[in-house]
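Novice: Sharing a structure here in structure tokens format.
The values are calculated or read from the model by the stated rules, or taken from the named source; none is laboratory data. These figures come from a predicted structure and were not determined experimentally. Cβ atoms come from the backbone with ideal geometry, glycine included; neighbour counts cover every protein chain shown.
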């Protein structure tokens, strides 16, 4: 049995935009998605709680005693890297929104043009019908 060639679907604005993104852009999007999730918040909260508990309970080796300066340094470093990555992802979201708005606009313009063409065609059909009715009535009156 012969396999029929697959019909390629037309690309949506999202597919086109996604394929045009670089590795860095995709990485920024995935990091921002990860950091903006409940999973990240919960995992980070568990790590911080474990850090604090282990430093309070540890009898021999306190690697970061209260006020947890090393933990604060880690948070500062995380924030220093997270902020620009999240901003990159937000910029990409703005680009996606613009691409979607542009695609929607082009679709709306094309739909408006088709509707106008249909309205003109319907007007033409209506006029032709009325002309035929009038001509039939005129023929009937002449008889």
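Novice: Would you confirm, using the coordinates I've provided, whether residue 135 is without any contact (Cβ under 8 Å) to a residue 40 or more places away in the chain, more than 30 Å from residue 12 (Cβ to Cβ) and out of contact with any helix residue (DSSP H, G or I) (no Cβ under 9 Å at 6 or more places or on another chain)?
Specialist: Taking the combined requirement at face value, the residue satisfies it.
Novice: Here are some residues: 47, 43, 115, 127. Which one is under 27 Å from the mean Cα position of the chain (by Cα) and surrounded by 10 or more Cβ atoms within 10 Å (Cβ to Cβ)?
Specialist: 43
Novice: Show the residue pairs meeting these rules: Cβ distance below 8 Å; 6+ apart or different chains; first residue within segment 7-27 and at positive phi and surrounded by fewer than 10 Cβ atoms within 10 Å (Cβ to Cβ); second residue at pLDDT 70 or above and assigned to a loop (DSSP other than H, G, I, E, B).
Specialist: Filtered contacts from segment 7-27: no entries.
Novice: What residue, of 88, 52, is part of a helix (DSSP H, G or I), touching a residue at least 40 places away in the same chain (Cβ under 8 Å) and touching a helix residue (DSSP H, G or I) at 6+ places or on another chain (Cβ under 9 Å)?
Specialist: Step by step, each of 88, 52 is checked, and only 88 is part of a helix (DSSP H, G or I), touching a residue at least 40 places away in the same chain (Cβ under 8 Å) and touching a helix residue (DSSP H, G or I) at 6+ places or on another chain (Cβ under 9 Å).
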